[in-house]
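Below is one structure, written out as structure tokens, with a few remarks after it.
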């Protein structure tokens, strides 16, 4: 499906000077790039939306999406190469790298970052593909929920793969497993052979070096020689299958023992139980990957396990804490029962307690030895946790459950009075007929429905919590953890709350917007566009949000909670994970500022980066042509002379300007413009109040200084002038503006033929901090949506599209864009709070009304 | 007939499809069975009548088209809904000719199929009353 060789051949064929290419030919290529650019951005946005759980799709859909997108990105690179041969060859390498990663993900061969070590504080949510879910899950708790976790690092899947490959073990393992499949040897026999091979193999030199270096760095962080706990973190371990307890954990490892402990955990990947289990669930052996977590051993006085929901009797609505004296391990391995506390999940009251006789505990002896010793006589019958501690642990467990949207099995330790989370993984719950999940069709007879069939689902799921209405401008820290948050707008400023709350309902919001993407990332049940949600819900307490069915019920709907437990989280199913992983190679935009020195082909990490890069360079190429004496005999190039200092170069490719005889050889005025779309935008810019007046107390001097800096007359280098270019014809206009620090692109075609008519508008950049720029982006989105544009916002990037309106209606929208360009130049400076969004929106709508009068 | 009395069979060789559809339809009160192998589904429909059958077209072994023909032959009043990722006008036309109730191209929204099932139930109820 990927035709790299063809692409390269084509590129080589077309390499060579393009001096002979006529302007019209170049312009055709430019048009092609623009079309591809919009098509690619549309495809990406659509694919992200399918992740919300509302869509049913299969692997075939993902393959088709990747193939279509990849082809478009190829064409895009090809078109730029036709415009500017050879110069951006680096794009091919960037494309090949991304494409081969995507192909590896599709084929299940992707093994994450090509690094041996990732430190805990640098591991992100999506690094699951590199370090396994157990490591990745734990590392999210510190930054998102502020829980203490041990310091440490992960040895990646890449390390595992390199270790086995370099020592020729991959082939040997395959051979042994084959004979096991044929029944020539037992699980035990195969396991023993493979484990022996691994334990006697030498760790490759470079891996050994990196592990030693990581230990040295950890030593520096801890200011002492670390004693470690070495834990398994296998691929796919925490998805739909439970591998709990199948792999080894080695406690109390010093810097000299780390390599052996590493091998031991790697070898445990192939213990007999694991081989048998993987075979039973149909997990392919080539999907087997093992990363390892090397954590500072917490020298704890108490350790234990908490289940955030009783797994055998979920209907009892209790959580269970087990704890014992000393360092963990005895309860995990089942050698000690420990004390057991049953806690009511609602009010965190302890329902019942079983205090056991604790004879043994694990203790650190000296600096680096863990031994099982007898517990002091007076502590044997004493509860290992105080009531306060039990409640605190319960609270944390529920918070972690809310974060992962699933009951949790958590290992904890208490050291010097402080709670440390050692591990968190999903807990398998026994579901059954007593959970009443079959009565869902008649819920309405038993519960009050507060909101029915309203809004759009941004992320499906069920969330239960107390309503909290967040007012405009209110401090985010007021929102309690676990709330069902109700707001007017789906503002990106809510992003820090998403990991902490149970559900989100907004009155206004776009499922293609930035916040929706974040809600999907955290699987937060989310409903947008529920009109009147604030007034309906403001006096409610506990509610149940069913974002899948677009309903809100008064009180706790137990049936939905249990129904949700029974379902495999759709976001965890293979196809969704696959698409999510693929999108990570496609969607993020890393190359934003074209003036940045890193704005280079080799820094394109995603297809979005490539798309952005190609577009920017295509515009730049057309602008520069004017100054490099290109063959423009078939196009007329002029500079716009106007009161408004746009400093625009206009290239007319046919019918965009009045006849040559009526104009000067180098400049034109707005009156000379015949291009229908360009004319409409110029009219908008001219609108009183758009450019020349100050709608509120704007800091004009600083604004003008930025303008004069950019457009000072003595500068003749196009780079200093900014890339202000309009390519026009009678029915077409493509406008690329860089005003101060803002980038605007408008591409429009307007004729009597409705089916051909379209406007594509893209806007981003600014000088202020993200929040203000985002507010401005929201203001633009509000305005565009008001005038029927389809709008997509990501951070401060706004993309508006509209198609198939008649000429008059299209002209009206281009007039609006003219106003927006003038009005929003430095508006971010003034976007001090969310209220501004509506003040400015109203102002612009008023300007539009004036036109209509 | 109320939702509780309606039985639905889902056949799609991609497990994700049944995994998504089954709970969504069960939530509405329908009795749902799902299959990923057409031979298993065929065996099942030969033994028992289902009110509604939701099937993919392109599958290993017995194709969806053969399957739905057999269902219609055995139980003419079973309503069939076709879901497919390889939608063309021709396949759509052909399946309608064979008496299919509705046709849905993948990917689709959960709400869309739930709505089609609701209409199919409504249609069945009307036919029974007339």
From the list B:124, B:97, B:119, which one is more than 14 Å from every other protein chain (Cβ to nearest Cβ) and touching a residue at least 40 places away in the same chain (Cβ under 8 Å)? B:124
So which residues in region B:109-130 are surrounded by 18 or more Cβ atoms within 10 Å (Cβ to Cβ), in contact with a helix residue (DSSP H, G or I) (Cβ under 9 Å, 6 or more places away or on another chain) and at pLDDT 90 or above? B:113, B:117, B:121
Among (1) at pLDDT 90 or above; (2) within 14 Å of chain B (Cβ to nearest Cβ), residue A:69 falls short only on (2)
Of all the strands (runs of 3 or more DSSP E) wholly in region A:386-502, which have at least 1 residues that are more than 21 Å from residue A:545 (Cα to Cα) and away from every other protein chain (no Cβ under 14 Å)? A:408-415, A:418-426
Residue A:450 is checked against (1) buried (at least 21 other Cβ atoms within 10 Å of the Cβ); (2) modelled with pLDDT of 90 or more and fails just one. What number does that condition carry? (1)
For residue A:63, only one of the following conditions fails: (1) at pLDDT below 90; (2) surrounded by fewer than 19 Cβ atoms within 10 Å (Cβ to Cβ); (3) within 14 Å of chain B (Cβ to nearest Cβ). What is its number? (1)
From the list B:102, B:51, which residue is over 30 Å from residue A:48 (Cα atoms), surrounded by fewer than 22 Cβ atoms within 10 Å (Cβ to Cβ) and in contact with a strand residue (DSSP E or B) (Cβ under 6 Å, 6 or more places away or on another chain)? B:51
Can you confirm whether region B:76-89 contains a residue that is at pLDDT 85 or above, surrounded by fewer than 19 Cβ atoms within 10 Å (Cβ to Cβ), assigned to a loop (DSSP other than H, G, I, E, B) and over 12 Å from the mean Cα position of the chain (by Cα)? yes
Is at least one residue of region A:677-694 part of a loop (DSSP other than H, G, I, E, B) and modelled with pLDDT of 90 or more? no
Give, as residue ranges, the helices (runs of 4 or more DSSP H) completely inside region A:167-247 that count at least 2 residues that are under 14 Å from residue A:278 (Cβ atoms). A:169-181, A:187-200
Out of all the residues in region B:28-44, is one or more free of Cβ contacts under 8 Å to residues at least 24 places away in the same chain and either buried (at least 21 other Cβ atoms within 10 Å of the Cβ) or in contact with a strand residue (DSSP E or B) (Cβ under 8 Å, 6 or more places away or on another chain) (or both)? no
Where a residue in region A:474-493 is in contact (Cβ under 8 Å) with a residue 24 or more places away in the chain and its partner, wherever it lies, is assigned to a helix (DSSP H, G or I) and surrounded by fewer than 19 Cβ atoms within 10 Å (Cβ to Cβ), with Cβ under 7 Å and at least six apart: A:486/A:534; A:488/A:534; A:493/A:771
State yes or no: is residue B:11 surrounded by 20 or more Cβ atoms within 10 Å (Cβ to Cβ), closer than 19 Å to residue B:96 by Cα and within 14 Å of another protein chain (Cβ to nearest Cβ)? yes
When both residues are 6+ apart or on different chains and their Cβ atoms are under 8 Å apart, which pairs have a first residue that lies in region A:560-572 and is more than 14 Å from residue A:547 (Cα to Cα), and a second that is at pLDDT below 65 and surrounded by 22 or more Cβ atoms within 10 Å (Cβ to Cβ)? A:562/A:437; A:566/A:437
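The values are calculated or read from the model by the stated rules, or taken from the named source; none is laboratory data. What you see is a predicted model, and the numbers here were worked out from it, not measured in a lab. Every residue, glycine as well, gets a Cβ built from its backbone with ideal geometry; the counts of neighbours run over all protein chains shown.
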